[in-house]
Amino acid sequence: MYMKKFGIAILSIVLFISAVRAQTKATDTTAKPQGRTHTLDKIVGVVGSSIILESDVEMKYQLQYLAQGNPPNPDIKCQILQGLLTQKLLAQQAVIDSIDVKDDEVDADVDRRMRGMIQRAGGQDRLEQFLGRSVIQYKDEIRPDLKEELVAQKMQQKITTNVNTTPEDVKNFFNKIQKDSLPTFNKEVEVGEIVFNPKLNNAEKEAYRQKAEDLLKRVKAGEDFSALARLYSQDPGSAPQGGDLGFNDRSTFVKEFTAWAFKLKAGEISPVFESDFGFHFLQVVERRGEQVHVRHILIVPVTTQASLDRAKAKADSVYDQMMHNKGIDFSTMAAYYSDNKDTKYNGGMMLNADNVDTRTTFIPTDRLDPQVALAVDTMKVGSISKPQLFTGQDGKKSYKILYLKSTTNAHKANLEQDYPKIKEYATNDKINRTVSEWFQKKRKLTFIKIDPQYQSCPSLKGWSTPATIAELKP
């Protein structure tokens, strides 16, 4: 229980909402028992002046729970309704506190979610067939709900913004945990890497650059940008959408892409340029404040055996340097030679992807890349591996030199070894209590009514306004 974030758990339920309301607003016939129509227009929740329809709950249950292959579980509807009540309560307080989100923030979130839905559906045409309407219509319909979600998120952030955890808080939190309830941490390692990516020379890259140039000429000659992107772009995330990336800010793209995206005016097309991903050209569709709506076509060069051989030769050379000069520091060599921008400026040390905020380098062995785990399993602490060939999740190959900095065996949590983790749990506990206290207070000050069919839900206990008070409400 100490590892769960109450606030984040609530917001994760709130974030279920994006695909529901547009599907049914008053009467729904998509989910009906055989032989009869089932209307889903009953009001199942009221928060102040806002209402929640059964269609909101029912469609979310079907589209976002059952559609994921989960077994039927009516209790999930209780959680969905709790999330909707929570969102309404947060959003109404946000109005009082003058918290709002800008239109470009909402547009960016709508576009991001639609790209995900299109990708999961297997293309825009299939998604539109499922929705029974165009993507543009659907985006307009879900926009108000997504705006409310973003407002609710900002309100919750405000509630917890001043939460601070001192060393004394951490110690007190740990001491309150019963000894037989202390979590057990799996074996953890600290692993460094120096990555050598295969790089094509100019002659090897020329054919790919020329392919991009040829496509650019076809666009300028009048051919449809979207159609060419669907046929030829090698960006799997945007190609099915005709290269459309939606609205994004400067932090979204690599620097070369950002430079052109924010330099051009609406309608203008960039020349072909190169980034770490390959050769692109882009068109600005629309500018809105610090957000830009672009589409692009990407051509990805294919790694050659010659480029792999060059990467291996460089890796071997760096390894030989470290073996013949024990005074060379691994972190220095990583900063100078590694091609992995995520680790080279961290002394080459990998970060635990499950705890990015803490930037901890302690990684459970079961969370390591299986190839890395296999390699370090036979290494001694302080040792450096010979260059080995690795294949990433994207299928790209690279050579790596690994360094095993430390190993911590599986053990019961203790302050000496696990202070950063325990501090995180203590902070989460403090956030949980802060959010819980806020909701308890606001529920007492807000008229909340829940339909009888949901009043037996354990998660909704204490939410409804007492009957004696509710009777006075219109």
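Quick notes on this one:
- Taking the criterion of being in contact (Cβ under 8 Å) with a residue 24 or more places away in the chain, within 19 Å of ILE159 (Cβ to Cβ) and not in a helix (DSSP H, G or I), the residues of segment 82-107 that qualify are ASP97, ILE99, ASP100, VAL101.
- Of the criteria (1) of a type outside the set (A, V, I, L, M, F, W, C); (2) over 30 Å from SER307 (Cβ atoms); (3) touching a strand residue (DSSP E or B) at 6+ places or on another chain (Cβ under 9 Å); (4) not in a strand (DSSP E or B), which one THR407 fails: (4)
- Residues in segment 411-455 that are under 20 Å from GLN79 (Cα atoms), acidic (Asp, Glu) and open to solvent by 50 Å² or more (accessible area, probe 1.4 Å): GLU437 only.
- Here VAL318, VAL284 are screened, and the one residue that is open to solvent by less than 40 Å² (accessible area, probe 1.4 Å), assigned to a strand (DSSP E or B) and not small (Gly, Ala, Ser) is VAL284.
- Just one of the numbered conditions (1) surrounded by fewer than 21 Cβ atoms within 10 Å (Cβ to Cβ); (2) at pLDDT 90 or above is not true of PRO74: (2).
- Considering only residues in segment 384-402 that are at pLDDT 95 or above and assigned to a loop (DSSP other than H, G, I, E, B), the one that is surrounded by the fewest Cβ atoms within 10 Å (Cβ to Cβ) turns out to be LYS386.
- Some residue of segment 101-111 being open to solvent by 20 Å² or more (accessible area, probe 1.4 Å) and either of a type in the set (S, T, N, Q) or farther than 30 Å from ALA239 by Cβ (or both): no
Per-residue answers, yes or no, for (1) in contact with a Leu (Cβ under 9 Å, 6 or more places away or on another chain); (2) at pLDDT 95 or above; (3) of a type in the set (Lys, Arg); (4) loosely packed, with under 12 Cβ neighbours inside 10 Å:
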| residue | (1), (2), (3), (4) |
| --- | --- |
| THR165 | no, no, no, no |
| VAL191 | yes, yes, no, no |
| VAL195 | no, yes, no, no |
| LYS211 | no, yes, yes, no |
| LYS217 | no, yes, yes, yes |
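- Residue list for segment 235-247, filter: open to solvent by 20 Å² or more (accessible area, probe 1.4 Å), part of a strand (DSSP E or B) and not aliphatic (A, V, I, L, M): ASP244
- For segment 147-175, the set of residues classified as of a type in the set (A, V, I, L, M, F, W, C) and closer than 22 Å to PHE439 by Cβ consists of LEU150, VAL151, ALA152, MET155, ILE159, VAL163, PHE173, listed by residue number.
- Between VAL151, VAL110, VAL163, the distinction of being out of contact with any strand residue (DSSP E or B) (no Cβ under 7 Å at 6 or more places or on another chain) and assigned to a loop (DSSP other than H, G, I, E, B) belongs to VAL163 only.
- A Cβ distance below 8 Å, combined with a sequence gap of six or more or placement on separate chains, defines the contacts here; from segment 192-216, residues that are farther than 23 Å from ALA313 by Cβ reach residues that are open to solvent by 30 Å² or more (accessible area, probe 1.4 Å) and of a type in the set (Asp, Glu) in the pairs ARG209/GLU274.
- Complete set of residues in segment 145-161 that are open to solvent by 10 Å² or more (accessible area, probe 1.4 Å) and either free of Cβ contacts under 8 Å to residues at least 60 places away in the same chain or of a type in the set (D, E, K, R) (or both): ASP145, LYS147, GLU148, LEU150, LYS154, GLN157, LYS158, THR161
- When residues in segment 292-315 are screened for being open to solvent by less than 60 Å² (accessible area, probe 1.4 Å) and in a loop (DSSP other than H, G, I, E, B), 3 of them pass.
- Test: residue in segment 57-66 that is in contact (Cβ under 8 Å) with a residue 60 or more places away in the chain and either open to solvent by 40 Å² or more (accessible area, probe 1.4 Å) or not polar (S, T, N, Q) (or both): no
- Extreme residue, modelled with the lowest pLDDT, among residues of segment 442-469 that are among the hydroxyl-bearing types (Ser, Thr, Tyr) and assigned to a loop (DSSP other than H, G, I, E, B): THR465
- For segment 262-281, the set of residues classified as open to solvent by less than 20 Å² (accessible area, probe 1.4 Å) and either among the hydroxyl-bearing types (Ser, Thr, Tyr) or under 23 Å from the mean Cα position of the chain (by Cα) (or both) consists of SER270, SER275, listed by residue number.
The values are calculated or read from the model by the stated rules, or taken from the named source; none is laboratory data. All figures in this text were calculated on a predicted structure; none of them were measured in a lab. Because the Cβ atoms are built from the backbone with ideal geometry, glycine has one as well, and the counts that use them run over all protein chains shown. Heads up: the accessible areas ignore ligands, DNA and RNA and are worked out on the full protein's heavy atoms, side chains in. Shrake-Rupley method; radii C 1.70, N 1.55, O 1.52, S 1.80 Å.
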